[in-house]
Amino acid sequence: MLELDMSADIQALRSTFSDIKAVVDVDALEKEIARLNDEAAAPDLWDDVENAQKVTSALSHRQHELKRITELEKRIDDLEVLVELAVEMDDEESAEEARHELAELEDVVNQLEVQTLLDGEYDDRSAVVTIRSGAGGDDATDFAEMLLRMYLRWAERHGYKTKVMDTSYAEGAGIKSATFEIDAPYAYGTLSVEAGTHRLARISPFGGADKRQTSFAAVEVIPVMEEAQEVDIPENDIRVDVFRSSGPGGQSVNTTDSAVRLTHLPTGIVVSMQNEKSQIQNRAAAMRVLQTRLMLLQKEEEAAKKKELAGTITASWGDQMRSYFLYGQQLVKDLRTGHEVGNPATVFDGDLDGFIAAGIRWRKRKDDDD
């Protein structure tokens, strides 16, 4: 007779899921969707294209969030039925399916539970991620491209829309930098724990000597701001350069000079955009990102000043937040949380949820302590 007692596990799932529903506030979410549906149905909606895009994007995000909750609840209900049928029919194949589904549901519920910890001012927004190669020559530019693929694969695994906004290719291997957008609810809050310096140690495929090479890449994550009106930037503070978009190896892929680079002279912040259809669109996109970076910089300076006045200055992320070892002991280790994975290939293929969850919990504990 088949023994399959999952009642305690399923009860634990339901308990955690109930807590998640309470935090998400499904009733309020449904009312918000109804309100946005009414706005989206207005006959004059597209008279204002920018506002229409904001409404439809917000509606899509809220619907996606509600769908995750409702589908998860149904899967838990279906799991209970599957367990009952497996026991009644003495069916080991159904029992194995139930065990597999339980493991998947525990993983999904854990991810949703972590999301409830995202209560920052901009955590629910989409994200703009910029990756820049650091020290290490060809290995660093290659590493930057590996990180770009890693985050795009992570987004693909979750069904999130992505858009590469700018890529600066290296003369040798890989990329000097890349900027891309992830359009998904809580993308900023989720990925913001990935910001910092990443370190790669491996036997270089580019050098003649069989020696270990250490290289670095920086990851920056900022929220998508539909309107960044909080920061007024005088025209004299900006240098605008127009150039041709480039592909791998520096090949020109446009027949017109449509790419735009904005340099904020007082801070030295540089933003480039080249993947929109026109120079005007590229400039507008670059300006939104520049305004957001300046606004966040202003907030960081204010927060640092408050800590200084309070006498509680502490180190934040540090110079290196994660190390990737691709020689000897294969390992990826987060230096803040201690979370590690012994299979770097899966991490570079986008399996980041464990690192992200550990980072969010670590940050929450750190904020509570502060």
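Expressed as a rounded percentage, what relative contact order does the chain have, with Cα pairs under 8 Å and six or more residues apart?
15 percent
Quick one: putting +1 on the C-beta of Lys and Arg, -1 on the C-beta of Asp and Glu, what dipole do you get for the chain around its Cα centre, in Debye to the nearest 20?
Dipole magnitude for the chain comes out near 2320 debye.
Considering only protein heavy atoms and a 1.4 Å probe, what is the carbon-and-sulfur percentage of the accessible area of the chain?
47 percent
Over all directions, what mean area does the Cα convex hull of the chain project, stated in square nanometres?
For the chain, the mean projected area of the Cα convex hull comes to 24.5 nm².
Which angle between 0 and 90 degrees, to the nearest 10, do you get for helix 353-369 versus the longest principal axis of the chain when only C-alpha atoms count?
80 degrees
Taking a cut-off of 12 Å, what percent of all Cα-Cα pairs in the range 154-199 are separated by more than that?
71 percent
Most fluctuating residue of D351, D47, D142 in a GNM of the chain with Cα springs under 10 Å: which is it?
Largest GNM mean-square fluctuation: D47.
Hey, can you rank 99-111, 163-175, 213-225 by average C-beta count inside 10 Å, highest first?
Descending mean neighbour count gives 213-225, 163-175, 99-111.
Would you mind calculating the gained length between I233 and V49 on full extension (0.36 nm times residue separation, minus the Cα-Cα distance), in nm to one decimal?
So the extension gain works out to 63.8 nm.
Please enumerate, by chain and number, the lysines with C-alpha under 27 Å from the C-alpha of K21, excluding those fewer than 8 residues away in the same chain.
K31, K54, K67, K74, K161, K364, K366
Find which of S94, P266, G338 sits farthest along the positive direction of the dipole of the chain, computed with +1 on the beta-carbon of Lys and Arg, -1 on that of Asp and Glu, about the Cα centre.
The residue sitting farthest along the positive end of the dipole is P266.
So what are the ³J(HN,Hα) numbers for the range 212-225, from phi and the Karplus equation (6.51, -1.76, 1.60; θ = phi - 60°), rounded to whole Hz, Gly and Pro as x?
Computed from phi, the couplings for the range 212-225 are 6, 10, 10, 9, 9, 8, 9, 10, 10, 10, 10, x, 7, 10 Hz.
Would you calculate a helix-derived [θ] at 222 nm for the chain, using -39,500 (n - 2.57) for each DSSP H run of n ≥ 4 and dividing by the full residue count, to the nearest 500?
Here the helix-only value at 222 nm equals -16500 deg cm²/dmol.
Give the accessible surface of the chain per residue, rounded to a whole number of Å², with probe radius 1.4 Å and ligands, DNA and RNA excluded.
Accessible surface, normalised per residue, equals 53 Å².
Apply 1/(1 + (r/R0)^6) to the Cβ-Cβ distance of R149 and D9, taking R0 = 35 Å, and write down the FRET efficiency to the nearest 0.05.
For R149 and D9, the calculated efficiency is 0.45.
The values are calculated or read from the model by the stated rules, or taken from the named source; none is laboratory data. None of these values were measured; they are calculated from a predicted model. So basically every Cβ, Gly included, is an ideal-geometry build from the backbone, and we count neighbours across all protein chains shown. We work out accessible area using only protein heavy atoms, side chains counted, and drop any ligands, DNA or RNA first. Shrake-Rupley method; radii C 1.70, N 1.55, O 1.52, S 1.80 Å.
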